[in-house]
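The values are calculated or read from the model by the stated rules, or taken from the named source; none is laboratory data. Since the model is a prediction, treat every value here as computed from it, not as a measurement. With ideal geometry, Cβ positions are generated from the backbone for all residues, glycine too; neighbour counts draw on all protein chains shown. Note: areas computed on protein heavy atoms with side chains; ligands, DNA, RNA excluded. Shrake-Rupley method; radii C 1.70, N 1.55, O 1.52, S 1.80 Å.
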Amino acid sequence: MPAVRLALISAEALDLDVHLRAVDDASAGAVTTFVGRVRDHDPDASGAVVALEYTAHPDAETTLHRIASEAIGSSEAIVAVSHRIGRLGVGDAAVVIAVASPHRAEAYEVSRTVIEAIKSELPVWKRQVEADGTTAWKGLGG
C-alpha cells in the first residue's frame with residue numbers, strides 16, 4: 001500500500017475521520033493529526049478576520065503529494081493530507097494532516113515536516129477578509 005494514501009486539494013469541507021481511516025494500518029503504533037483552522041485574527045490585520053479565500057495553482061495537488069512523499073523519506077510513515085480552497089469562515093479547517101507510523105517521534109516529525117513544507121512550497125494563496133471589508137493577499141509562506 002502506498003505511503004501517501006491521500007493528498008488532496010478540495011473545495012469541500014475537510015473531514016479528519018477520512019484522513020484517520022486513510023492512514024489506518026496494523027503496523028502503526030502512533031497516529032498524529034494536525035488541523036489548521038481559520039482564526040479570527042492575524043498580526044498583520046488591522047481588525048478582526050472573518051474569512052480566508054484560498055486559491056490554488058492547477059499543479060497544487062501534485063505538489064502536495066510530493067511534499068508528503070519527501071516528508072516520509074525512508075521512514076515507515078503513512079500520510080493523508082488535504083488543503084481546502086474557496087471561502088472559509090472562522091473555525092473552518094484549511095489543512096488536515098494525519099500521519100501513522102510505528103513510533104510517535106517519527107509521526108510527529110513527518111507531520112511537522114509536511115505542514116512546514118505546505119507553508120513554504122505549496123502553490124496556494126489566500127485572501128484575508130477583515131470585518132470592515134479590508135482584504136489582503138498572502139502568498140507562499142503567508
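The modelled label-to-label distance for the pair Ser74/Arg87, using points 7 Å beyond Cα in the direction of Cβ, is 4.9 nm.
Excluding ligands, DNA and RNA, what is the solvent-accessible area per residue of the chain at a probe of 1.4 Å, expressed in Å²?
Numbers: 7420 Å² over 142 residues.
Ligands and nucleic acids excluded, the result is 52 Å² per residue.
With coordinates expressed along the principal axes, the C-alpha atoms belonging to segment 64-142 extend over 48, 22, 17 Å, beginning with the largest.
Can you tally the net charge around Ala28? Count Lys and Arg as +1, Asp and Glu as -1, for every other residue whose Cβ sits under 14 Å from the Cβ of Ala28.
Numbers: positive: Arg5, Arg21, Arg104; negative: Asp24, Asp25, Glu76, Glu106.
Here the charged neighbours net out to -1.
A convex hull fitted around the alpha carbon atoms of segment 2-92 yields 120 Å³ per residue.
State, to one decimal in nm², a quarter of the convex hull surface area for the C-alpha atoms of segment 56-105, i.e. the direction-averaged projected area.
Working: hull surface 17.5 nm².
Averaging across all directions leaves 4.4 nm² for the Cα convex hull.
Among residues other than Leu14 with Cβ under 13 Å from its Cβ, the summed charge is -2 (Lys and Arg +1, Asp and Glu -1).
Evaluate E = 1/(1 + (r/R0)^6) for Ala45 and Ser10, where r is the Cβ-Cβ distance and R0 equals 30 Å; express this FRET efficiency to the nearest 0.05. Present the calculation step by step, with values, prior to reporting the outcome.
Numbers: r = 26 Å, r/R0 = 0.86.
It comes out at approximately 0.70.
The residues neighbouring Thr113, those whose beta-carbon lies less than 12 Å from its own, together hold a net charge of -3 under the Lys/Arg +1, Asp/Glu -1 convention. Take the Cα of Asp24, step 7 Å along the line toward its Cβ, and report every residue of segment 75-107 whose backbone nitrogen sits under 14 Å from that point. Within reach of a label on Asp24: no residues.
Here the accessible area of the chain is 50 percent carbon and sulfur, with a 1.4 angstrom probe and all protein chains present.
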